[in-house]
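Here's the structure we're looking at; comments come further down.
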Amino acid sequence: MGVVDKIKELDGAKITIQRENRIFVDVDKDRVIGTLYSLKLMGFHQLSVQNVVDRIKDGKFEIFYVLYSHEYKINVIVRTWVDRDNPVIETADKIYPSAHTWEREISEMFGIKVEGNEDCGKPFILENWKDIPPMRKDFDSVKYSSEHFVFRHSEGENE
Amino acid sequence: MERMTEEQVKTIANMLRKRSLWMIHYCTGCGAMELPPTMTSRYDMERFGLAPYVTSRQADILLITGYLNVKTLRRVITVYEQMLDPKYVIGFGSCALNGGVYWDSYAVIKQLDRYIPADLYIAGCMPRPEAIISAFRHLMELIDSGKADGYKRYKRNLAYYKENQRKVLG
């Protein structure tokens, strides 16, 4: 049985095979950790990226984990969705240690609470940030920028 | 022998200073890419007496290569205040000048000279090594004529600079 068949048999997962080396695995929020663990046992040892897409029209955050297997040369992308109003996910750093740092970044840039990762909430990249997290779609970058920094106007330009 | 006046000492000091400038380059953005050809044999800035240097305490020129965000600005100010007088600041590229392509970013400051006194700007995205060499030549002229007085302005208007720094850095 090939690895793709094994992925197809994952519990509660919706599988989309986009190309032969790119497979999407969509799961519920509660099943993410179990799915990641199963995939790691199958040979997907590398977490390339963990990040978030702000699906503001659906009122959801899409959290995705890009896994790679050097044995099968396949990318598996595990996706899950959480509510924008109360975004809480569970940490994956017991399975993939590099997730620890990714989670710190997403919790700072999107304001997502990560349970079990004690470093989330500590300052990571931003310093003295007092606004809503900057990578959310409803954050107005131009407004923030013009309030906090002074633009240079060249001569003859209408202000 | 007659003693030299203070003015004459300054003139001679400036004349010597402009021929031996050590530069610390704070490579925040993509601007650092243009420096290796400037430093090495292709454009060879050492023929003007300029040399890259590694520590802030011994350097004369602080070259800000590229955009500065709030986080790096804090470090740049530390580096600038560590440097000994006389010290000169060159803002490199359009990002240091007015924000450049990052004009709407939540993190990038738009005007370097509000926070530390810039003696000179090199406009362009990217400025070529010819432009950098030309800026150094221009800085030499400014030093020779005593117009490169950014470090004096910083001391004189310290309250203004500190207030601006406090506004963005908190």
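Rule-based calculations on the coordinates, nothing more; no lab input. Nothing here was measured: the structure is a model prediction, and the numbers come from that model. No Cβ is skipped: glycine too gets one built from the backbone with ideal geometry, and neighbour counts run over all protein chains shown.
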Inset, instruction - Mind giving me the nanometre distance, one decimal, between the label points for B:Y53 and B:L169, set 7 Å out from Cα along Cα→Cβ? - result: 2.2
Legend entry - Kirkwood Rh in Å, taken over chain A so that all alpha-carbon pairs contribute: 17.5
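Just list whichever of A:K143/B:K87; A:K29/A:K137; A:K143/B:K167; A:K130/B:K71; A:K29/A:K143 have alpha carbons separated by over 24 Å in the model shown.
Long pairs (Cα-Cα over 24 Å): A:K143/B:K87; A:K29/A:K143.
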Inset, instruction - Please build a GNM for chain B, connecting alpha carbons under 10 Å apart, and tell me which residue among B:T28, B:T65, B:T11 fluctuates the most. - result: B:T11
Legend entry - Dipole moment magnitude, nearest 20 debye, chain B about Cα centre, only Lys, Arg, Asp, Glu C-beta charged: 480
Legend entry - Vicinal HN-Hα couplings computed from phi for region B:67-83 (Karplus, 6.51 cos²θ - 1.76 cosθ + 1.60; Hz; Gly/Pro x): 6, 10, 9, 4, 5, 6, 4, 4, 6, 5, 5, 4, 4, 4, 6, 6, 5
Legend entry - Cα lying deepest toward the dipole's positive end in region B:76-170, options B:P86, B:A159, B:A118, charges on Cβ: B:A159
Inset, instruction - Report the extension gain between A:I56 and A:V88 in nm, rounded to one decimal, defined as 0.36 nm multiplied by the number of residues separating them, less their alpha carbon distance. - result: 9.9 nm
Legend entry - the protein assembly as shown, Rg to Rh (Cα coordinates; Rh as Kirkwood inverse mean 1/r): 1.12
Inset, instruction - Counting only C-alpha contacts under 8 Å and six or more residues apart, can you give the relative contact order of chain B as a whole percent? - result: 23
Inset, instruction - Within the set of other residues whose C-beta is less than 13 Å from the C-beta of A:E115, count the net charge using Lys and Arg as +1 and Asp and Glu as -1. - result: -3
Legend entry - For residues of B:105-116, the mean tally of beta carbons on other chains within 10 Å: 4
Inset, instruction - Would you be so kind as to identify which of A:M135, A:T101, A:F64 lies farthest towards the positive end of the dipole of chain A, taking Lys and Arg as +1 and Asp and Glu as -1 on Cβ and the Cα centre as origin? - result: A:F64
Inset, instruction - Output the antiparallel fraction of DSSP beta bridges having both residues in chain A, as a percent to the nearest 5. - result: 75
Inset, instruction - Return the distance in nm (one decimal) between the two label points of a simple spin-label model at B:I12 and A:D11, each offset 7 Å from Cα along Cα→Cβ. - result: 8.8
Inset, instruction - Looking at chain B, send over the antiparallel percent of its DSSP beta bridges, to the nearest 5. - result: 5
